[in-house]
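The values are calculated or read from the model by the stated rules, or taken from the named source; none is laboratory data. Because the structure is predicted, anything quoted here is derived from the model rather than measured. Counting neighbours? That spans all protein chains shown, and the Cβs are built from the backbone with ideal geometry, glycine included.
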Amino acid sequence: MRLPTFTRSAGTTTADDETTAARPPVAPRAQADTAPRAQADTAERPKVDDRTPYAKGSTGTEPATEVIERPATPSAPPVVVDRGPRARTSIMATIGLALSVGAAALVLSGPLGGYGIAVAAIAFLASTGGFVATRRRHVAGKFDGLIGMLVSGAALVVGILSVTGELSWLSLDTDTVRPAREWLDAQFPNWF
């Protein structure tokens with residue numbers, strides 16, 4: 001199947017007409033002819049670098065390109081940022097978190113509930129001090145202080161409730177460690 005073509009200029013026809021105007025054949029140049037001709041062209045015309053839009057060279061004395069000196073822009077002085085000391089974690093927040101976990105374990109043990117209340121009070125004070133210390137610049141540990149305050153506060157409440165006898169499942173007479181040990185031994189026999 002032939003696709004129809006359209007005429008571009010007068011004197012040519014479409015492929016359906018089977019008649020087209022033929023161009024005269026172009027004879028290839030010989031290599032020997034081009035060398036003397038190239039030498040003659042360079043001797044007659046001045047060299048012009050027409051790759052740049054500012055090329056001069058209409059006369060033989062002017063340079064082909066013009067060098068434009070741009071003034072150096074003054075560079076701004078480097079900005080020095082005072083970063084201060086490296087960030088450090090508040091030691092009080094870390095101590096408060098560790099003490100609050102210990103206080104929770106003491107309170108939940110049963111017979112050591114009274115000591116757990118005392119440790120929870122110290123842990124709450126240490127965690128609060130660590131949390132307040134994070135307000136200063138470059139002092140981290142806000143999350144540690146917050147978790148320490150929450151855990152020690154919960155240990156205080158559970159400890160006070162267990163000492164006063166408000167919790168039936170936890171009191172100073174209840175030994176929760178022995179049943180927990182027996183339950184773990186039943187779940188994981190001969191592991192420890």
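Mind checking whether some residue in the range 67-80 is surrounded by 13 or more Cβ atoms within 10 Å (Cβ to Cβ) and of a type in the set (A, V, I, L, M)? No, the range 67-80 contains no residue that is surrounded by 13 or more Cβ atoms within 10 Å (Cβ to Cβ) and of a type in the set (A, V, I, L, M).
Would you call D144 farther than 26 Å from W169 by Cα, within 32 Å of the chain's Cα centre (by Cα), of a type in the set (D, E) and modelled with pLDDT of 85 or more? It is true that D144 is farther than 26 Å from W169 by Cα, within 32 Å of the chain's Cα centre (by Cα), of a type in the set (D, E) and modelled with pLDDT of 85 or more.
If the condition is being hydroxyl-bearing (S, T, Y) and under 32 Å from the mean Cα position of the chain (by Cα), then the range 88-104 contributes T89, S90, T94.
Looking at the range 132-159, which of its residues are over 27 Å from V177 (Cβ atoms), surrounded by fewer than 22 Cβ atoms within 10 Å (Cβ to Cβ) and not β-branched (V, I, T)?
A133, R135, R136, R137, H138, A140, K142, F143, L146
Out of all the residues in the range 71-104, which are closer than 30 Å to A154 by Cβ and among the basic types (K, R)? Selection gives R88 alone.
Give the range 71-102 a look and list any residue that's assigned to a helix (DSSP H, G or I) and of a type outside the set (A, V, I, L, M), or say none. Once the filter is applied, which keeps residues that are assigned to a helix (DSSP H, G or I) and of a type outside the set (A, V, I, L, M), the range 71-102 yields T94, G96, S100, G102.
Taken over the range 132-149, the residue count meeting the criterion of being in contact (Cβ under 8 Å) with a residue 40 or more places away in the chain and either in a helix (DSSP H, G or I) or among the small types (G, A, S) (or both) is 9.
Which one of the conditions (1) exposed (fewer than 15 other Cβ atoms within 10 Å of the Cβ); (2) assigned to a loop (DSSP other than H, G, I, E, B) does D185 fail to meet, given that it meets all the rest? That leaves (2) as the condition not met.
Mind checking which residues of the range 103-120 are at pLDDT 90 or above and either surrounded by fewer than 17 Cβ atoms within 10 Å (Cβ to Cβ) or in a loop (DSSP other than H, G, I, E, B) (or both)? Answer for the range 103-120, where residues must be at pLDDT 90 or above and either surrounded by fewer than 17 Cβ atoms within 10 Å (Cβ to Cβ) or in a loop (DSSP other than H, G, I, E, B) (or both): A105, Y115, A118. Flag: T52 matches the condition of being over 20 Å from A126 (Cα atoms), of a type in the set (S, T, N, Q), surrounded by 10 or more Cβ atoms within 10 Å (Cβ to Cβ) and modelled with pLDDT under 60. Residues of the range 158-188 that are at pLDDT 80 or above, among the polar types (S, T, N, Q) and closer than 14 Å to P111 by Cβ: S162 alone.
Within the range 162-181, the only residue that satisfies the criterion of being over 52 Å from the mean Cα position of the chain (by Cα) and in a helix (DSSP H, G or I) is T164.
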